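Just below is one structure, and these are the notes that go with it.
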Amino acid sequence: ILYVVFVKILGTRGDVPHFGVYLLLGIVLWNYFVEVTVGGVASIVGKGDLMRKVNFPRYVIVLAGSFSALINLLFNLTVVGFFMWLGRAEPNRFALAFPFVIAELFILALSVSFILSAAYVRFRDINFIWEVLIQVGFYATPILYSFSYIIDKSQLLAKFVMINPLAQIIQDARHGLITDKTATVGSVLNTNFAYIIPLAIVIILAVTSVVFFIKMSPHFAEDV
């Protein structure tokens with residue numbers, strides 16, 4: 001349905017070959033991020049009774065959900081691989097970096113989950129706010145359309161979108177697995193040093209989330 005609406009009707013394909021599997025890969029990676037973060041929001045609150053009875057590291061609850069979603073991602077990537085073979089996609093040497101791209105996605109999703117799960121213990125409206133932000137993020141990230149669609153609208157907007165770690169991750173995965181015609185943060189900002197920006201965002205977010213979670217965790221059992 002998304003392919004028909006955005007590609008056939010709205011014409012967002014641009015000049016990207018193998019756009020069907022290009023679109024599928026983006027959706028699969030995005031769905032992993034959504035599964036981890038949405039599932040992580042109420043993960044601590046949902047285990048309130050267990051926390052009051054058993055003493056164990058609280059981060060295990062969020063981490064378990066992340067690994068469960070990671071298993072689902074691996075199965076979904078197998079399906080993507082089948083369609084890559086069927087559509088004769090063109091993986092290149094950058095495909096060797098794909099495990100690192102997945103690792104970055106895992107850290108990003110887990111970091112957001114730590115923050116959301118800890119905040120939800122005291123602020124129960126977080127889940128509604130996050131659901132809205134997820135919907136906005138889905139259309140703000142170049143998943144359903146070629147990145148050239150953004151570049152044609154505004155070079156400045158394209159640069160701003162690309163420093164988003166999720167956009168960088170999805171575009172890098174497509175660049176290595178589907179086609180090297182895919183725009184990356186390096187090609188959009190005209191320097192490979194631009195990778196420092198989204199990577200720095202992920203690292204800062206990871207450190208912040210761990211500190212925040214550790215600070216809040218002593219009060220989980222009594223607050224939930």
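The values are calculated or read from the model by the stated rules, or taken from the named source; none is laboratory data. On a predicted model such as this, the values are computed, not experimentally measured, just so you know. Heads up, the Cβs are rebuilt from the backbone with ideal geometry, glycines too, and the neighbour counts pull from every protein chain shown. With ligands, DNA and RNA removed, areas are computed over all heavy atoms of the protein, side chains included. Shrake-Rupley method; radii C 1.70, N 1.55, O 1.52, S 1.80 Å.
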Report task. Say whether the condition of being over 20 Å from SER111 (Cβ atoms) and in contact with an Asp or Glu (Cβ under 8 Å, 6 or more places away or on another chain) is met by at least one residue in region 138-150. Result -> yes
**Report entry** region 47-61 residues that are surrounded by 11 or more Cβ atoms within 10 Å (Cβ to Cβ), paired with ones that are among the polar types (S, T, N, Q) (beta carbon under 9 Å, 6 or more apart)
**Finding:** ARG58/SER117; ARG58/SER217; TYR59/SER217; ILE61/SER43; ILE61/SER117
**Report entry** region 120-136 - residue that is touching a residue at least 12 places away in the same chain (Cβ under 8 Å) and in a helix (DSSP H, G or I) and, of those, most open to solvent (accessible area, probe 1.4 Å)
**Finding:** GLU131
Report task. Name every residue in region 161-177 that is of a type in the set (A, V, I, L, M, F, W, C), open to solvent by 10 Å² or more (accessible area, probe 1.4 Å) and in a helix (DSSP H, G or I), in order of residue number. Result -> VAL161, LEU166, LEU177
Query - Criterion (assigned to a helix (DSSP H, G or I), buried (at least 16 other Cβ atoms within 10 Å of the Cβ), of a type outside the set (A, V, I, L, M) and under 20 Å from the mean Cα position of the chain (by Cα)) met by exactly one of SER113, SER148 - result: SER113
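Select from region 46-92 the residues that are outside any loop (DSSP other than H, G, I, E, B) and either on the phi > 0 side of the Ramachandran plot or at pLDDT below 85 (or both) and list them in ascending order. Write out each step before concluding.
We begin by selecting, within region 46-92, every residue outside any loop (DSSP other than H, G, I, E, B); these are 46, 48-53, 59-86.
Of everything in region 46-92, those that are outside any loop (DSSP other than H, G, I, E, B) and either on the phi > 0 side of the Ramachandran plot or at pLDDT below 85 (or both) turn out to be GLY46, GLY48, ASP49, LEU50, MET51, ARG52, LYS53.
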**Report entry** Criterion (surrounded by fewer than 20 Cβ atoms within 10 Å (Cβ to Cβ) and free of Cβ contacts under 8 Å to residues at least 12 places away in the same chain) met by exactly one of ILE102, ILE1, ILE107
**Finding:** ILE1
**Report entry** Filter result for the condition that a residue is β-branched (Val, Ile, Thr) and under 23 Å from GLY176 (Cβ atoms), over ILE107, ILE134
**Finding:** ILE107
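Residues checked against (1) closer than 17 Å to MET162 by Cα; (2) open to solvent by 70 Å² or more (accessible area, probe 1.4 Å):
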{"position": "THR179", "(1), (2)": "no, no"}
{"position": "THR184", "(1), (2)": "yes, no"}
{"position": "ASN192", "(1), (2)": "yes, yes"}
{"position": "ILE204", "(1), (2)": "no, yes"}
{"position": "VAL207", "(1), (2)": "no, yes"}
{"position": "SER217", "(1), (2)": "no, no"}
{"position": "PHE220", "(1), (2)": "no, no"}
Query raised in the report: LYS53 fails exactly one of the following numbered conditions: (1) farther than 29 Å from ALA183 by Cα; (2) touching a helix residue (DSSP H, G or I) at 6+ places or on another chain (Cβ under 7 Å). What is the number of that condition?
Result: (2)
Query - Hits in region 176-216 - residues which are farther than 11 Å from ILE115 by Cα, of a type in the set (S, T, N, Q) and touching a residue at least 24 places away in the same chain (Cβ under 8 Å) - result: THR179, THR182
